[in-house]
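*Asks:* One structure, as structure tokens, below. Some questions next.
Bear in mind these aren't lab numbers, they're just calculated from the coordinates by the rules spelled out. If you're wondering where the values come from, they're calculated on a predicted model, not measured in any experiment. A quick note on method: Cβ atoms are made from the backbone with ideal geometry, for glycine too, and the neighbour counts reach across all protein chains shown.
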Amino acid sequence: MARYLLFGHLTIDDTVLPDGRTAMSTVGGNVLYAAIGAHVWTDDLAIIARPGQGYPPGLIDELAACGYLVDGLIPCESQRIRQWQLYDDEGGRHYVPLASSGSELRKFRQPLFLEP
């Protein structure tokens, strides 16, 4: 077992840069970026996430080929998270989840009111 376990989510990112260039169907997500950062100091880490239905096995193979332990990627019944990342000329970034995405983020776009 790895000494460090990194928990988070994996996404499929379709990125559009300000000049119109694109990078489609790339692996993303907070657990990936945490793993990249931690990998600077150690190789003894594993990624723990639940890629949803439709997550491309090829992207998981890419992670394994880069030396990441992917035994902690447990498929789940939810849809995979796929999103557009739109970068603007001023350095801003906007995320747009696909309608078919399993992202739970849409639930939080409306104000949440708690009973007193």
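*Asks:* Give me 88, 13 ranked fewest to most by other Cβ atoms within 10 Å of their Cβ, as a rough exposure proxy.
*Replies:* 88, 13
*Asks:* How large is ³J(HN,Hα) for each residue in region 32-49, as worked out from phi by the Karplus curve 6.51 cos²θ - 1.76 cosθ + 1.60 (θ = phi - 60°), to whole Hz, x for Gly and Pro?
*Replies:* 5, 5, 5, 5, 4, x, 5, 5, 4, 9, 8, 9, 8, 9, 9, 9, 10, 7
*Asks:* In nm, to one decimal, how far is the modelled label at residue 94 from the one at residue 3, with both set 7 Å along Cα→Cβ?
*Replies:* With each label placed 7 Å out from Cα toward Cβ, I get 4.4 nm.
*Asks:* Same structure, new question: Taking trypsin sites (Lys or Arg not before Pro) that fall in a DSSP loop and have at most 14 other Cβ atoms within 10 Å as cut points, what is the longest piece of the chain between them?
*Replies:* It works out to 22-108.
*Asks:* Here is a further query. Rounding to the nearest 20 debye, state how big the charge dipole of region 1-60 is about its Cα centre with +1 on each Lys and Arg Cβ and -1 on each Asp and Glu Cβ. Mind dumping the intermediate values first?
*Replies:* On the way: 3 positive and 5 negative charges, 30 e Å.
Computed about the Cα centre, the dipole is about 140 debye.
*Asks:* Taking H placed 1.01 Å from N in the peptide plane, check which residues at least 5 places from residue 11 or on another chain put their amide H under 5 Å from its amide H.
*Replies:* Correct list: 28, 29.
*Asks:* Calculate the dipole size of the chain relative to its Cα centre from +1 charges on Lys and Arg beta carbons and -1 charges on Asp and Glu beta carbons; express the result in debye to the nearest 20.
*Replies:* Once rounded to the nearest 20, the dipole reads 300 debye.
*Asks:* Next question, about the same structure. Per DSSP H run of at least 4 residues, take -39500 (n - 2.57); add these up for the chain, divide by its residues and hand me the 222 nm value, nearest 500 deg cm²/dmol.
*Replies:* Theoretical 222 nm ellipticity from helices: -4500 deg cm²/dmol.
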